[in-house]
1. In the list VAL314, VAL333, VAL350, which residue meets the criterion of being in contact with a helix residue (DSSP H, G or I) (Cβ under 6 Å, 6 or more places away or on another chain), surrounded by 13 or more Cβ atoms within 10 Å (Cβ to Cβ) and either part of a loop (DSSP other than H, G, I, E, B) or not acidic (Asp, Glu) (or both)?
2. Being under 27 Å from LYS95 (Cβ atoms) and either open to solvent by less than 10 Å² (accessible area, probe 1.4 Å) or in contact with a helix residue (DSSP H, G or I) (Cβ under 7 Å, 6 or more places away or on another chain) (or both) is the filter here; which residues of the range 34-46 pass it?
3. Has the range 320-327 got any residue that is open to solvent by less than 50 Å² (accessible area, probe 1.4 Å), acidic (Asp, Glu) and in a helix (DSSP H, G or I)?
4. Does at least one position in the range 99-110 carry a residue that is under 20 Å from ALA260 (Cα atoms), touching a Ser or Thr at 6+ places or on another chain (Cβ under 7 Å) and not in a helix (DSSP H, G or I)?
5. Being hydrophobic (A, V, I, L, M, F, W, C) and either part of a loop (DSSP other than H, G, I, E, B) or within 19 Å of GLN102 (Cβ to Cβ) (or both) is the filter here; which residues of the range 45-61 pass it?
6. For the range 269-278, indicate whether the set of residues that are modelled with pLDDT of 95 or more, within 18 Å of the chain's Cα centre (by Cα), in a loop (DSSP other than H, G, I, E, B) and over 20 Å from THR210 (Cα atoms) is non-empty.
7. In this structure, is PHE217 touching a residue at least 40 places away in the same chain (Cβ under 8 Å), assigned to a helix (DSSP H, G or I) and closer than 18 Å to HIS159 by Cβ?
8. When you go through ILE125, ILE96, ILE80 one by one, which is the residue that is of a type in the set (Val, Ile, Thr), under 21 Å from THR339 (Cα atoms), touching a Phe, Trp or Tyr at 6+ places or on another chain (Cβ under 9 Å) and open to solvent by less than 70 Å² (accessible area, probe 1.4 Å)?
Amino acid sequence: MIRIYSLLLIIQDTLKDYKKIINSKKTLMNYKKLGNTDINVSTICLGTMTWGEQNTQEEGFEQMDYALDQGVNFWDTAEIYSIPMREETYGETEKIIGNWFQRTNKRDKVVIATKVCGKTSNKYIRGGGNNFGKKKITLALEESLKRLKTDYIDLYQLHWPERNTNFFGMHGYEHDENDKDWTPFEEILESLQKFIDQGKIRYIGLSNETAWGLSKFLEISKIKNLPKMMSVQNPYNLLNRTYEVGLAEISVREKSGLLAYSPLAFGYLTGKYRNNNLPEKSRMKLFKDFTRYKNENGQKAIEEYYNLSKKFNVDFAQMSLKFCEIQPFMTSVIIGATTMEQLKTNIESVNVSLSNEMINEINNIQKKYPNPCP
């Protein structure tokens, strides 16, 4: 009888474990190499810029716990976060991540990416001005390492150029031959090489960069045997596919893949702002200066994409994210969420499949409303 009772207890415990597995709904995550490195990063990257503004530290901790449990091993932040930029919250997001590393002792489980800002008028960032010179970029790195409570950063990115060029959706490039107030690319790469030699960073990348900028960095790194830019973090979503025009080819040929930010277009590609709706605590409700996705053609395109998702019975946000993820030039799609429900929906987009018919219809909408919100 004792043996039978023991056997029943074992069966009972096994059934409990099985139920836990069934109910956990573990995401089957996808991974890609970061550039031509041997690092595997999840094709969903955890964005963090709301932590310290729209999200508390405890909410950030909850997101990090959940994301890592779902196989998201790639997290992106920046020295200027949280967003919107304010002196009072400068560096706050990195501090939250650092506190989580300290509490959990899981630094080795995460590929962490952060950024040093380029030219800025904000005096609270090392007095303003350019930041890629040897002195300032060294100070910036040391400050980020301290806030993140880590000895090294896996991917260190130049957040935007120091030179005058087009980024953040700017049009009408105006060239100025007298614009020489920016750190030479070779000098920047030499500083980054020093950090790599010191073991303080592993790899480097760009953000809000142009095709010329990326190609020039790659050219110099080859000629001078300096570190290679492994990634480019630029906007990419159903309303803004301008990355495909010139940068996509470079990304594929040179193995410097895209880290797509704003894949849900400030949340417009979830459908929550349809019919002029402004949910409480949403970004558009809180920060009305974010107007990139408010134009007429953008709203028309959103409505057609929304209807397409309903036609094929696919969650609108997940359709929008999956379209980004499957692009051949994509390394990882950076998701941001202010609620756990949003985070779970976004992460689970990796398990969604888009049929050829859906992709064709998405491309037809793009032809009808080409890049309405670049």
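1. Result of the check over VAL314, VAL333, VAL350: VAL333.
2. Scanning the range 34-46 gives LEU34, VAL41, SER42, ILE44, CYS45, LEU46.
3. Looking through the range 320-327, at least one residue is open to solvent by less than 50 Å² (accessible area, probe 1.4 Å), acidic (Asp, Glu) and in a helix (DSSP H, G or I).
4. Looking through the range 99-110, none of the residues is under 20 Å from ALA260 (Cα atoms), touching a Ser or Thr at 6+ places or on another chain (Cβ under 7 Å) and not in a helix (DSSP H, G or I).
5. LEU46, MET49, TRP51, PHE61
6. No, the range 269-278 contains no residue that is modelled with pLDDT of 95 or more, within 18 Å of the chain's Cα centre (by Cα), in a loop (DSSP other than H, G, I, E, B) and over 20 Å from THR210 (Cα atoms).
7. no
8. ILE96
The values are calculated or read from the model by the stated rules, or taken from the named source; none is laboratory data. This structure is a prediction, so every number in the text was calculated from the model and none was measured. Positions of Cβ are backbone-derived with ideal geometry, glycine not excepted, and every protein chain shown enters the neighbour counts. Keep in mind that these areas ignore ligands, DNA and RNA; they rest on the heavy atoms of the full protein, side chains included. Shrake-Rupley method; radii C 1.70, N 1.55, O 1.52, S 1.80 Å.
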